[in-house]
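Visitor: Let me begin by handing over the structure; questions about it come next.
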Amino acid sequence: MKTAVVFDCSGTLVNVKRIIKEIKSQRFLCNHQTVDIVDKKKGRSLIILREKINILSLNPNMPIKDLFKKTQWKITYCNPPIIKENILKDRESKLKELQDAINILNKFNIETEPGYALICDTIEGRMEYTIATGGCLFDGVHETIKKLKNMGIEIYLASGDSRYAIEKLSRLVGIDERYIIPEAHQNLKRDLVRRLKRDGYRVIMVGDGSNDVPAMLESDLSVINLQGGSVSKKALDNADIKIENIKEILDILDYRICIL
C-alpha cells in the first residue's frame, strides 16, 4: 500500500518564534498558539496576510482595516459564528500594534519567511491581537524529509500560513511545490487526508495544533511533535503517537510498514 505523510508547518517542522500582542492590555504573550486564542471566544477569526508587504514602511497611525486594502487576506481559522463584514468595522486599532510585534520578531535570526496575522472579534468588530511569526527548522528536518523521499513516501505540507511563506519553506526542505497546501484551514487539511485515503494511500498526519485535529481524526495514524515545547491540548489528546523529535517519524514508518 502507498503511504503519504502530511505535515503541518509551525511547531511541527519549524521551531516558531510567535510574537503575539494583545491590543487592549498592550501585553505580549508567551507560549500561546493562535488557534487556542481563537478557540477561547465565540466569533473570533484568525486572519493572515496573503502577500509579502513591507508593513514597517507604512504609517503606524494608519487604521489596521486600511491595511486590508493594500494586500490580500484570508481567514484560516475561526470560532463560529462569525460576521465577516465586521472585520473592517474597527476604526480605532492602528498599524503600530502589528509593527510592534514585527519589530520584536526582527530581533531573532529566522530561516523561514516571516508571516503576519491578526485575531478579530467579528461579533464586536474589534481587532484583539496582532501576530508576527517566523522560525528555524527543527533539528533533523532535512534528514527526515530526505529519507522519507528515499523510502518512496509522498510528502505533503498543509499549513495555515501564507502561500509566500509555505513556498519558501517547501524550497528550504525539498518538498515539491505541487504537494503544498498553503492558507489551509482545518477543513482543507481534513479533506486532503480524505482524498489521499480514497486514492489508496495509508496516511499519517503530523501536527501540533487544534486546527490539525480534524485531519488527525481522519488519518490512519496521527502524530504530534513535542519538539517545540508548546502544543495544543486538543491535538495532544487526539494524537495516536507523541514524538520528541521529528526524526522519530522514520522509526514509526519502519515499524508500521513492517506490520501492515
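Visitor: Could you tell me how many of the residues in the stretch 56-73 are under 16 Å from ASP161 (Cβ atoms) and crowded, with 16+ Cβ neighbours inside 10 Å?
Guide: 1
Visitor: Restricting the search to the stretch 105-116, which residues are open to solvent by 10 Å² or more (accessible area, probe 1.4 Å) and touching a residue at least 60 places away in the same chain (Cβ under 8 Å)?
Guide: PHE108, ILE110, GLU111, THR112, GLU113, GLY115, TYR116 - these are the residues of the stretch 105-116 that are open to solvent by 10 Å² or more (accessible area, probe 1.4 Å) and touching a residue at least 60 places away in the same chain (Cβ under 8 Å).
Visitor: Out of the residues in the stretch 82-104 that are more than 17 Å from LEU58 (Cβ to Cβ) and in contact (Cβ under 8 Å) with a residue 40 or more places away in the chain, state the one that is farthest from the chain's Cα centre (by Cα).
Guide: Going through the qualifying residues, I end up with ILE83.
Visitor: Sticking with this structure for a sec: If I filter the stretch 182-199 for residues that are in a loop (DSSP other than H, G, I, E, B), over 22 Å from PRO81 (Cα atoms) and of a type in the set (Gly, Ala, Ser), do I get at least one hit?
Guide: no
Visitor: For the condition touching a residue at least 40 places away in the same chain (Cβ under 8 Å) and either open to solvent by less than 60 Å² (accessible area, probe 1.4 Å) or not in a loop (DSSP other than H, G, I, E, B) (or both), what is the one hit in ILE246, ILE224?
Guide: ILE246
Visitor: Counting just the residues of the stretch 128-147 that are of a type in the set (A, V, I, L, M) and crowded, with 20+ Cβ neighbours inside 10 Å, which one comes out nearest to ASN86 (Cα to Cα)?
Guide: Only one residue tops the list, namely ILE131.
The rows are residues; the columns are (1) open to solvent by 40 Å² or more (accessible area, probe 1.4 Å); (2) within 13 Å of the chain's Cα centre (by Cα); (3) touching a residue at least 60 places away in the same chain (Cβ under 8 Å); (4) more than 19 Å from ASN106 (Cβ to Cβ).
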| residue | (1), (2), (3), (4) |
| --- | --- |
| VAL5 | no, no, yes, yes |
| ARG18 | yes, yes, yes, no |
| LYS21 | no, no, yes, no |
| LYS40 | yes, no, no, yes |
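Visitor: Restricting the search to the stretch 165-179, which residues are in a helix (DSSP H, G or I), of a type outside the set (A, V, I, L, M, F, W, C) and open to solvent by less than 70 Å² (accessible area, probe 1.4 Å)?
Guide: GLU167, LYS168, SER170, TYR179
Visitor: For the stretch 136-161, enumerate the residues that are more than 13 Å from ASP8 (Cα to Cα), touching a residue at least 40 places away in the same chain (Cβ under 8 Å) and among the polar types (S, T, N, Q).
Guide: Listed by number, the list holds a single entry, THR144.
Visitor: Somewhere in the stretch 11-22, is a residue farther than 16 Å from SER93 by Cβ, touching a Ser or Thr at 6+ places or on another chain (Cβ under 8 Å) and assigned to a loop (DSSP other than H, G, I, E, B)?
Guide: For the stretch 11-22, residues farther than 16 Å from SER93 by Cβ, touching a Ser or Thr at 6+ places or on another chain (Cβ under 8 Å) and assigned to a loop (DSSP other than H, G, I, E, B): present.
The values are calculated or read from the model by the stated rules, or taken from the named source; none is laboratory data. None of the values given here were measured: they were computed from a predicted structure. Here Cβ is always computed from backbone atoms with ideal geometry, including for glycine, and neighbour counts include all displayed protein chains. Keep in mind that these areas ignore ligands, DNA and RNA; they rest on the heavy atoms of the full protein, side chains included. Shrake-Rupley method; radii C 1.70, N 1.55, O 1.52, S 1.80 Å.
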